[in-house]
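As structure tokens, the structure follows; a few thoughts come after it.
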Amino acid sequence: MVSFAISNELRARLERGGPILALTGAGVSAESGLATFRGPGGMWEGRDPMELATPQAFAADPETVWRFYDWRRKQAAEAAPNPAHVAFAALEQGRDSFRLVTQNVDGLHERAGNRDVLRLHGSLWRLRCLGDCEEHDNLELDLGPLPPRCACGALLRPAVVWFGEPLDPAVLHRAEQFAEEADLVIVAGTSALVYPAAALPEIARLAGAYVVEVNPETTPLSERADVHIAGSAGAVLPRLVEVAGIA
Ligand code: BJW
């Protein structure tokens, strides 16, 4: 049982029904057993992300990159949403003006029940053809020999956003709009290092939002947020939902 104080301002903003924006990162899925990217025990410990998460890495060695993503798909399929995911789903169901923006590609927010998830960095469960075919959903756990190919013969890649690639402009624009409209921003489980996602809390703060960070560790955001709650998302989020008056 984690104990943390809820400031009067945070309580007031949770209770008053204004627009809430949640920005989530890999730490929110940590309690589902999925490794985060950075730090001790992270997926990138001892690995160079530039050899796995760039279009150049894929062009040079699609099989190695696909082995990484194939493993990630299998891990994600075996994982189940945790109390933090369930809490975000309850916020969406209990509030008209709740918006969820995630950097996660694992699909656990959707599996917890969130219907309107803005995915900044794409999805492990969508594939994109390097030819001209449409991007499509794919939930299969056996993709056959790696790297998989489209029916047209071209290589398929995971529809995720790698370093140096632009985010979908429409998705980013919506996220920035949510940030400007938000009364309260809950930033959970992200190292707040990767842009443009990391700029969203600052956009919101400058537009008048109250920013609360939920992370057992400090990040570059911690000093600028109004409150840093040093706890795990799975322990803190259910309590915030309770304070918001959502059963
Ligand atoms: C818990 C917990 C628990 C643990 N509870 N918490 C401005 C300044 C500097 C650089 C840039 C800039 N603008 C752009 C850049 C370059 C670059 C960038 O940001 N680099 C920085 C790293 C320096 N950005 C880009 O390249 C982006 N593209 C772009 O800007 O394009 C511009 C362009 C325009 C026009 C034409 C061309 C280009 C794209 C970024 C894409 C990021 N992609 C990845 C991989 C996705 C696919 C995959 O999943 O493999 O996204 S990288 C990786 O990092 C992944 C994540 O979504 C992202 C963020 O990581 P996250 O979620 O924060 O995880 P961690 O591991 O870092 O942190 C976990 C946290 O959880 C920790 O803090 C823990 O303490 C905490 N925690 N347990 C709560 N129980």
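Just so you know, all these numbers are worked out from the coordinates, no wet-lab data involved. Bear in mind the structure is a predicted one, so any value in this text is a computation, not a measurement. Note that each Cβ is placed from the backbone with ideal geometry, even for glycine, and that neighbours are counted across all protein chains shown.
Kindly work out what percent of the DSSP beta bridges joining two residues of the stretch 143-237 are antiparallel, to the nearest 5.
Of all bridge pairs located within the stretch 143-237, approximately 10 percent are antiparallel.
With an 8 Å cut-off on Cα pairs and a minimum separation of 6 or more residues, tell me the relative contact order of the chain in percent.
About 25 percent, as a whole number.
Can you give the charge dipole size of the chain about its Cα centre, rounded to the nearest 20 debye, using +1 on the beta carbon of Lys and Arg and -1 on the beta carbon of Asp and Glu?
Dipole size: approximately 260 debye.
Kindly give Rg over Rh for the stretch 66-160, based on alpha-carbon atoms, with the Kirkwood expression for the hydrodynamic radius.
Ratio value, two decimals: 1.04.
What is the local net charge at residue 226, summed over the other residues whose Cβ is closer than 10 Å to its Cβ (Lys, Arg +1; Asp, Glu -1)?
+1
What does the charge count near residue 95 come to, summing +1 for each Lys or Arg and -1 for each Asp or Glu among other residues with Cβ under 14 Å from its Cβ?
-3
Identify the trypsin sites (Lys or Arg not before Pro) of the stretch 93-171 meeting these criteria: DSSP loop state and at most 16 other C-beta atoms within 10 Å of the C-beta.
115
When Lys and Arg each count +1 and Asp and Glu each count -1, what net charge do the other residues less than 14 Å away from residue 128, Cβ to Cβ, add up to?
It works out to a net charge of -2.
When DSSP beta bridges are limited to those with both residues in the chain, what percentage is antiparallel, rounded to the nearest 5?
For the chain, the DSSP antiparallel bridge percentage is about 30.
Determine by what factor the alpha-carbon radius of gyration of the chain differs from 2.2 N^0.38 Å, reporting the quotient.
So the Cα radius of gyration is 1.02 times the expected 2.2 N^0.38 Å.
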